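**Student:** Below are the structure tokens for one structure; questions will follow.
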Amino acid sequence: MIQERTYSQRLILFLKGLAMGAANKVPGVSGGTVSFVFGFYEEMIYSFRKINFKAFKLFFNGRFISFYRYVNGQFLLLILGGSIFSYFTISLLLDYLLINYELYVWSWFFGMIIGSIYYIGKDFGDWNLEKSISLIVGVSIGLGISFLTPAKENDNLWFVFVCGIIGVSGMTLPGLSGSFILILLGNYVLLLVDSVNVLFNVIMSLLEGDFKVLSDPIKVRYLKIITVFTAGSAFGLVSVSHILGYVLKRWHQIVNAIIIGFITGSLGVVWPWKTIIYLQEKGNYLIDSKGNKIVENYERFVPNFLIFETWFAIFYIVLGVLLILSIDFYGRKKK
């Protein structure tokens, strides 16, 4: 599973990490789907599974090179480095596009997910009763999640840690959006917007030699929150990957059928033609600690095919499908 990579292969892997990180931040889109389509999902699960007692023993005994090789360190650094870097680069661009061109962004992702379903399912083989039931279970869970009502924001550190464990599922379970789950838990804005922005500002201030930011109680609060969230995410990555590695080894086809179902069910979240519904209490919108309205869910509707905007959105859906098909074509040609 562990392989030596050329410089170009390392660069491509870093770019794949960028794509996965960007997808993880968009509610409804799963970074795990990106890893599945780009062909590094199983190596990612394998690498996270190597973070175990033996790895810690190597590390604390000072055998850092052996530790690095044992956990497939080059792969993890490139993928996670790309994902983290994406939160301060590609994700900021996505935030801008979602605000100004929301319909087209959702359309593009909708098309990519349709393409991903084909990409993953094309070589699946025969569909027996067991696999079909697994597919239906996956679709049902995916659709069910998309219609749940979010909770209110909760900044208790124990809950933030739990959010890290659950929210990281978007990386390890294709089709389940970690960002959307954080919306359901009420902490999307707190953890992936406010805390990330504060962390970025603190880092920039420290680089400029301004250490007063570390005495700002508000900034310290957000730094504690993102630290605990990161710890929960790291714990979730390792623990969930161990579970997934176990079930993938024993029930590979069934797990893949459920994953295809998850991805199919996620289409309900990324349906392009929708309006946001906000939580209300006695006629007033509920807001989080930063004054942002709390999303309840989306009201989906049938597009109007008599307007140009709809056909332009369909163009982006086709573009998203073609992007995945081109990745498939490139992969086949390379073989």
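**Student:** How fast does segment 92-211 diffuse by Stokes-Einstein, in µm²/s, taking the Kirkwood radius from C-alpha pairs at 20 °C and 1.002 mPa s? Present the calculation step by step, with values, prior to reporting the outcome.
**Tutor:** Details: Rh = 17.3 Å.
After rounding, the answer is 124 µm²/s.
**Student:** Quick one: compute the contact order of segment 37-93, relative version, from alpha carbon pairs under 8 angstrom and 6+ residues apart, as a percent. Spell out each step's value before the answer.
**Tutor:** On the way: 21 pairs, mean separation 17.7, N = 57.
Result for segment 37-93 is 31 percent.
**Student:** Here's a follow-up. Among residues other than Phe56 whose Cβ falls under 12 Å from its Cβ, what is the net charge (Lys/Arg +1, Asp/Glu -1)? Please report the intermediate quantities before stating the final value.
**Tutor:** On the way: positive: Lys50, Lys54, Lys57, Arg63; negative: none.
Around Phe56, the surrounding residues sum to +4.
**Student:** Using the 2.2 N^0.38 Å rule of thumb for compact globular proteins, work out how segment 1-90 stacks up: its C-alpha Rg over that value, please. Could you put the intermediate results ahead of the total?
**Tutor:** Details: Rg = 13.8 Å, N = 90, 2.2 N^0.38 = 12.2 Å.
Ratio of Rg to 2.2 N^0.38 Å for segment 1-90: 1.14.
**Student:** Rank Leu129, Leu15, Ile117 by how far each Cα sits towards the positive end of the charge dipole of segment 1-150 (+1 on Lys, Arg Cβ; -1 on Asp, Glu Cβ) and give me just the farthest.
**Tutor:** Value computed over the given set: Leu15.
**Student:** Right, another one. Write down the Å³ per residue value for the convex hull defined by the alpha carbon atoms of segment 141-238. Could the numbers behind the result be given before it?
**Tutor:** Numbers: hull volume 9.2 nm³, N = 98.
Taking the convex hull of the Cα positions in segment 141-238, it is 94 Å³ per residue.
**Student:** What's the extension gain from Arg5 to Tyr68 if we count 0.36 nm per residue and subtract their Cα-Cα distance? Could the numbers behind the result be given before it?
**Tutor:** Working: separation 63, 0.36 × 63 = 22.68 nm, distance 1.48 nm.
Fully extending the segment from Arg5 to Tyr68 adds 21.2 nm.
**Student:** Below 14 angstrom from the Cβ of Val270, what's the summed charge of the other residues (Lys, Arg +1; Asp, Glu -1)? All intermediate terms of the calculation are to be shown ahead of the outcome.
**Tutor:** Working: positive: Lys25, Lys274, Arg300; negative: Glu102.
My count for the surroundings of Val270 gives +2.
**Student:** Could you work out how much longer the chain between Ser326 and Leu103 gets when fully extended? Use 0.36 nm per residue separation minus the Cα distance between them, nm to one decimal. Intermediate results must be reported in sequence, preceding the final value.
**Tutor:** Values: separation 223, 0.36 × 223 = 80.28 nm, distance 2.32 nm.
Gain in length upon complete extension: 78.0 nm.
**Student:** Determine the dipole magnitude for the chain: charges of +1 sit on the beta-carbon of Lys and Arg, -1 on that of Asp and Glu, nothing else is charged, the reference point is the Cα centre, and the result goes in debye to the nearest 20. Don't jump to the answer; show the numbers that get you there.
**Tutor:** Details: 28 positive and 20 negative charges, 240 e Å.
Magnitude of the dipole: close to 1160 debye.
**Student:** From Cα pairs below 8 angstrom and at least 6 apart in sequence, can you work out the relative contact order of segment 7-334, rounded to a whole percent? Display every interim value, and only then the final one.
**Tutor:** Numbers: 500 pairs, mean separation 94.7, N = 328.
So the answer I get is 29 percent.
**Student:** Now for a separate question. May I ask for the Rg/Rh ratio of segment 75-159, computed from Cα atoms with Rh as the Kirkwood radius, given to two decimals? The partial results should precede the final answer.
**Tutor:** On the way: Rg = 18.1 Å, Rh = 17.0 Å.
Rounded to two decimals, Rg over Rh is 1.06.
**Student:** Let me ask something additional. Pairwise over distinct Cα atoms, reciprocal of the mean inverse distance: report the Kirkwood radius of the chain in Å, one decimal place.
**Tutor:** On the way: mean 1/r = 0.0473 Å⁻¹.
Taking every pair of different Cα atoms in the chain, averaging 1/r and inverting gives 21.1 Å.
Read the figures in this text as sums done on the coordinates, not as results from a lab. Quantities reported herein were computed from a predicted structural model and do not represent experimental measurements. Here Cβ is always computed from backbone atoms with ideal geometry, including for glycine, and neighbour counts include all displayed protein chains.
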